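Below you'll find the structure, written out as structure tokens, and then a few comments.
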Amino acid sequence: PGSCPALCECSEPAKTVKCVNKNLTAVPADLPSYVRNLFITGNRLGRLPAGAFPAQRLPDLSALNLSGNHLRAVEAGALAALPALRQLDLSGNLLVSLSPQAFGEGGSPLEELALRGALRDHGALLSLATMLQSGALRNLSRLELADNGLLLLPAGMFTALPALRQLDLSNNSLVGLRNVSFQGLGQLQSLNLSDNSLGVLRNGTLAQFRSLPALRRIGLGRNTWVCDCAIEDLVAWLKESDQVEGKEALTCAYPDKMLGKALLKINGSDLNCSVPVDLPSQLQTSYVFLGIVLALIGAIFLLVLYLNRKGIKKWMHNIRDACRDHMEGYHYRYEINADPRLTNLSSNSDV
């Protein structure tokens, strides 16, 4: 129990074992039972299979660092036999498969999870979302998802994290938060959204920020803010809120005429809002109004016809009689022209 694996460095007084840059391809099987802090970094593990850590052999292991190990798969049950695990770092790996059952069926006491640069594969992101939504990590207080090139986040990804206090989404490529819900994160204190591609934050997202009682630090620096009419709500919120760190440094990225202008210094005259922002809804309203007008005109026309039905009937009879007389005249002339005798008679009569 007190032995140290080959290629590792152990300190029993510090309860620490380090297996760093040793080209290991598997987790050492003979880890000492006293270990609380385990560093297996810079190796070539490739995958973390079920039972990678011996069952009941590491009862006190609370901090596990597996960063930079070329890990591509964390399989079901790989971390299930660690009852005291509180901190896990999987940063710097190239995860393709992250099993939602990696911590077993009963969940985990894990409090801190670092996945910096480990979720470049979209399938791994979806697997993580499934794991979080299942409630397996309900004790999680810190989640680090920076440097992953994320464009959009799965809907409802954070809904089952009631203890979450710190959420780091910095240095990604997030273009919007419309489908992201922060509801239920009553303990959230810090949210880092800096170094992304956010162009605007909608009213729904701002309302969620206002509703989180513990949220005191929001990072929004170095985003590509689009300063048109849609940004008015964000500007108003920035001016009244004390949650945003360094809000004075937030500037417009588009359009060119607003480039570099501080968001806090924008006013209504700076934005060209003469054209409605939601043009499709304006057109829809116009079409509805036009339909109502046409229906009203049609109803009035039918009413006029009904009130003048007798005159219209008489007028139609007169038209019919006139057409009949006219046709009879044509018929009479046709008969004369068709009979030579009648033609001569007509000519003599004319003379």
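Inside the range 244-263, can you point out the residues that are touching a helix residue (DSSP H, G or I) at 6+ places or on another chain (Cβ under 9 Å) and open to solvent by less than 50 Å² (accessible area, probe 1.4 Å)?
Hits for the range 244-263 are 244, 247, 250, 252, 258, 262, 263.
When residue 129 is evaluated against the numbered criteria (1) more than 23 Å from residue 53 (Cα to Cα); (2) of a type outside the set (Asp, Glu); (3) open to solvent by 20 Å² or more (accessible area, probe 1.4 Å), which criterion, by number, is the only one it fails?
(3)
Looking at (1) under 28 Å from residue 119 (Cα atoms); (2) of a type in the set (A, V, I, L, M); (3) at pLDDT below 95, which is the one condition that is false for residue 6?
Every listed condition holds for residue 6 apart from (1).
Do any strands (runs of 3 or more DSSP E) lying entirely in the range 1-68 carry at least 2 residues that are in contact with a Phe, Trp or Tyr (Cβ under 8 Å, 6 or more places away or on another chain), and which ones are they? Lay out the reasoning, then the answer.
Details: elements: 9-11, 16-20, 37-41, 63-65.
Hits in the range 1-68: 16-20.
Could you please find all residues in the range 164-189 being of a type in the set (Ser, Thr, Tyr) and crowded, with 18+ Cβ neighbours inside 10 Å? Please lay out each step first, then the result.
The initial filter retains those residues of the range 164-189 that are of a type in the set (Ser, Thr, Tyr), namely 170, 173, 181.
Correct list: 170 only.
Does residue 94 satisfy the condition of being open to solvent by less than 20 Å² (accessible area, probe 1.4 Å) and not charged (D, E, K, R)?
Values: open to solvent by less than 20 Å² (accessible area, probe 1.4 Å): no; not charged (D, E, K, R): yes.
Taking the combined requirement at face value, the residue does not satisfy it.
Search the range 23-46 for residues being charged (D, E, K, R) and modelled with pLDDT of 95 or more, and hand back the single one that is surrounded by the fewest Cβ atoms within 10 Å (Cβ to Cβ).
44
Those residues that are at negative phi and open to solvent by 10 Å² or more (accessible area, probe 1.4 Å), I need them from the range 220-234; list them, please.
Scanning the range 220-234 gives 221, 223, 224, 226, 228, 229, 230, 232, 233.
Look at residue 97 and say whether it is at pLDDT below 95, touching a strand residue (DSSP E or B) at 6+ places or on another chain (Cβ under 6 Å) and either among the aliphatic types (A, V, I, L, M) or in the same structural domain as residue 134 (by the TED database) (or both).
Details: at pLDDT below 95: yes; touching a strand residue (DSSP E or B) at 6+ places or on another chain (Cβ under 6 Å): yes; either among the aliphatic types (A, V, I, L, M) or in the same structural domain as residue 134 (by the TED database) (or both): yes.
Spelling it out, residue 97 is indeed at pLDDT below 95, touching a strand residue (DSSP E or B) at 6+ places or on another chain (Cβ under 6 Å) and either among the aliphatic types (A, V, I, L, M) or in the same structural domain as residue 134 (by the TED database) (or both).
Tell me whether the range 116-124 contains one or more residues that are charged (D, E, K, R), within 29 Å of residue 263 (Cα to Cα) and surrounded by 17 or more Cβ atoms within 10 Å (Cβ to Cβ).
Quick first cut of the range 116-124, residues charged (D, E, K, R) only: 116, 120-121.
With within 29 Å of residue 263 (Cα to Cα) added as a condition, the list becomes none.
No, because not a single residue in the range 116-124 is charged (D, E, K, R), within 29 Å of residue 263 (Cα to Cα) and surrounded by 17 or more Cβ atoms within 10 Å (Cβ to Cβ).
Is it the case, given these coordinates, that residue 181 is hydroxyl-bearing (Ser, Thr, Tyr) and over 30 Å from residue 82 (Cα atoms)?
Working: hydroxyl-bearing (Ser, Thr, Tyr): yes; over 30 Å from residue 82 (Cα atoms): yes.
In short, yes.
Among the candidates 132, 119, single out the residue that is touching a helix residue (DSSP H, G or I) at 6+ places or on another chain (Cβ under 7 Å) and free of Cβ contacts under 8 Å to residues at least 40 places away in the same chain.
Numbers: 132 fails: touching a helix residue (DSSP H, G or I) at 6+ places or on another chain (Cβ under 7 Å).
On inspection, the qualifying residue turns out to be 119.
Identify, from the list 153, 164, 177, the residue that is out of contact with any Lys or Arg (no Cβ under 7 Å at 6 or more places or on another chain), of a type outside the set (Val, Ile, Thr) and under 25 Å from residue 73 (Cβ atoms).
153
The values are calculated or read from the model by the stated rules, or taken from the named source; none is laboratory data. These numbers were taken from a predicted model, which means no experiment stands behind them. All Cβ positions, even for glycine, are placed from backbone atoms using ideal geometry, and neighbour counts span all protein chains on display. Heads up: the accessible areas ignore ligands, DNA and RNA and are worked out on the full protein's heavy atoms, side chains in. Shrake-Rupley method; radii C 1.70, N 1.55, O 1.52, S 1.80 Å.
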